[in-house]
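Data block below; observations after.
The values are calculated or read from the model by the stated rules, or taken from the named source; none is laboratory data. It should be emphasised that the depicted structure is a prediction, and the values quoted were computed from it without experimental measurement. Ideal geometry is used to build each Cβ from the backbone, glycine not excepted, and the neighbour counts take in all protein chains shown.
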Amino acid sequence: MHRLANLQALRFFAASAVMLYHAPHLYERAGGAIDLKPFVSAGFFGVDVFFVLSGFVMWLSAAGKSGGVDALIFAFRRAMRVYLTFWIVFAAIFFYMQTWAPSRLANVDLARSFFLVPQSVRTNIHGISWSLSYELYFYLLVSLAIMLGGRRMLVITGATAIAVMIAGRLGWSIPFRSVLTGSHLFEFLAGCLVAVAYERGLIGRPIVLLAIGLGILAAAMAFAAFWLPHPLEYGTQRDIRVAWLLPSAVCIVAGFVGLERKLRLPQWTVTLGDASYGIYLWHPFVFIIWFDLVKPRDLSQTSLPLTLLAAIAAVLCLSLATTIWIERPALRRLKRRTISPTVGTPTRAAVK
């Protein structure tokens, strides 16, 4: 598929939003006196953007694919995009905790964490990886559609997934309940619809779309602040979160797509967008190390924010290094070894 530079930049913005959203909690526990939360409280929205982006990319990446072999190749490549970098981060986290903080592994389910099997955040070695279980589920739906005859069959697999979700909510016993009954499924399907609109040239007025998306996000945050008992990102409020943020994420993704031919964002945002998956995965681990290092030192209120900025810079550098020196070479070899029989050459899916 054709690489859309603005979407890569959007990946960077979304991953950075999530990273900044997580910073204030440890910053305050480390002794920071500046209240950073008002400035980054909407950062969790980056995950919703990622889910819509995933649907968009999966729809375009599945173009021209049909049959069992294509489905297996597609599923394998997408799974490796998820697992390759994740396993590197998993190994780093496990080594660090095993060596310096073994008590943190007391309740961890290592097997389920390693394979991204849905579980409680309390038993997950890398809590932020809950979203990756959804990603794997989305990839499974697209792979099944390809096996059944092509991406048009996603109507069937998507409808089946919705039926399973409804059945689970009505009390039926189903496995992996947290994912299979999650309303984030609609964000992925909405991303597919944005891709259909893009293919048909139906996306126009991108600035208006961006303004609407940001306006809905602001309204959602205000609604949560004044009328909800818990923050919008709270686990028990996923349906309300999706109801508000799905249209916002759709408008923002469509707006960035629509701007592709009118405005090119700075190249550094595109480059860091290539490393967005690493930013998403590395930042909680780097923040934990940062906290463990600065907490005992009782740093001044002047130096503490500077060390936090250094930790953020370390996340960006580590993510770029992982992408350039490990992920890209490995995925290039993978593409050469798995040739799609449908098109005769490796497909060029957008970087996750």
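Assorted remarks:
- The listed residues are Leu154, Leu193, and the only one of them that is surrounded by 21 or more Cβ atoms within 10 Å (Cβ to Cβ) and either touching a residue at least 60 places away in the same chain (Cβ under 8 Å) or assigned to a helix (DSSP H, G or I) (or both) turns out to be Leu154.
- Selection from segment 97-107 of residues that are surrounded by 14 or more Cβ atoms within 10 Å (Cβ to Cβ) and touching a Lys or Arg at 6+ places or on another chain (Cβ under 9 Å): Met97
- Residue check for Trp290: part of a helix (DSSP H, G or I) and surrounded by 14 or more Cβ atoms within 10 Å (Cβ to Cβ): yes
- Of all residue pairs spaced 6 or more apart or on separate chains, those with beta-carbon atoms under 8 Å, a first member in segment 52-80 that is farther than 16 Å from Phe138 by Cα and touching a residue at least 24 places away in the same chain (Cβ under 8 Å) and a second member that is part of a helix (DSSP H, G or I) and of a type in the set (Phe, Trp, Tyr) are Lys65/Phe74.
- Cβ pairs under 8 Å, 6+ apart, first in segment 114-129 and under 11 Å from Phe285 (Cβ atoms) and without any contact (Cβ under 8 Å) to a residue 12 or more places away in the chain, second acidic (Asp, Glu) and surrounded by 15 or more Cβ atoms within 10 Å (Cβ to Cβ): none
- Test: residue in segment 27-43 that is crowded, with 23+ Cβ neighbours inside 10 Å and farther than 20 Å from Leu263 by Cα: yes
- Sole residue being within 17 Å of the chain's Cα centre (by Cα) and either of a type outside the set (Ser, Thr, Tyr) or assigned to a loop (DSSP other than H, G, I, E, B) (or both), chosen from Ile252, Ile212, Ile216, Ile240: Ile252
- Close pairs (9 angstrom Cβ cut-off, 6 or more residues apart or separate chains): at negative phi in segment 300-323, of a type in the set (Asp, Glu) anywhere: Leu320/Asp274; Thr323/Asp274
- In the set (1) among the hydroxyl-bearing types (Ser, Thr, Tyr); (2) closer than 20 Å to Ile326 by Cβ; (3) at pLDDT below 95, the condition left unmet by Tyr277 is number (3).
- For segment 240-261, a tally of residues being at pLDDT 95 or above and either touching a Gly at 6+ places or on another chain (Cβ under 9 Å) or exposed (fewer than 13 other Cβ atoms within 10 Å of the Cβ) (or both) returns 11.
- Filter result (under 13 Å from Ile93 (Cα atoms) and of a type outside the set (Val, Ile, Thr)) within segment 125-141: His126, Gly127, Ser129
- Single residue of Ser143, Ser133 found to be among the polar types (S, T, N, Q), in contact (Cβ under 8 Å) with a residue 40 or more places away in the chain, in contact with a Pro (Cβ under 7 Å, 6 or more places away or on another chain) and under 25 Å from Val57 (Cβ atoms): Ser133
- The residues listed here are Glu260, Glu233; of these, the one that is among the acidic types (Asp, Glu), over 22 Å from Ala197 (Cα atoms) and touching a residue at least 40 places away in the same chain (Cβ under 8 Å) is Glu233.
- Hey, Asp298 among the acidic types (Asp, Glu) and either within 18 Å of Phe12 (Cα to Cα) or loosely packed, with under 14 Cβ neighbours inside 10 Å (or both) or not: yes
- The number of residues in segment 157-190 being free of Cβ contacts under 8 Å to residues at least 60 places away in the same chain and of a type in the set (D, E, K, R) comes to 2.
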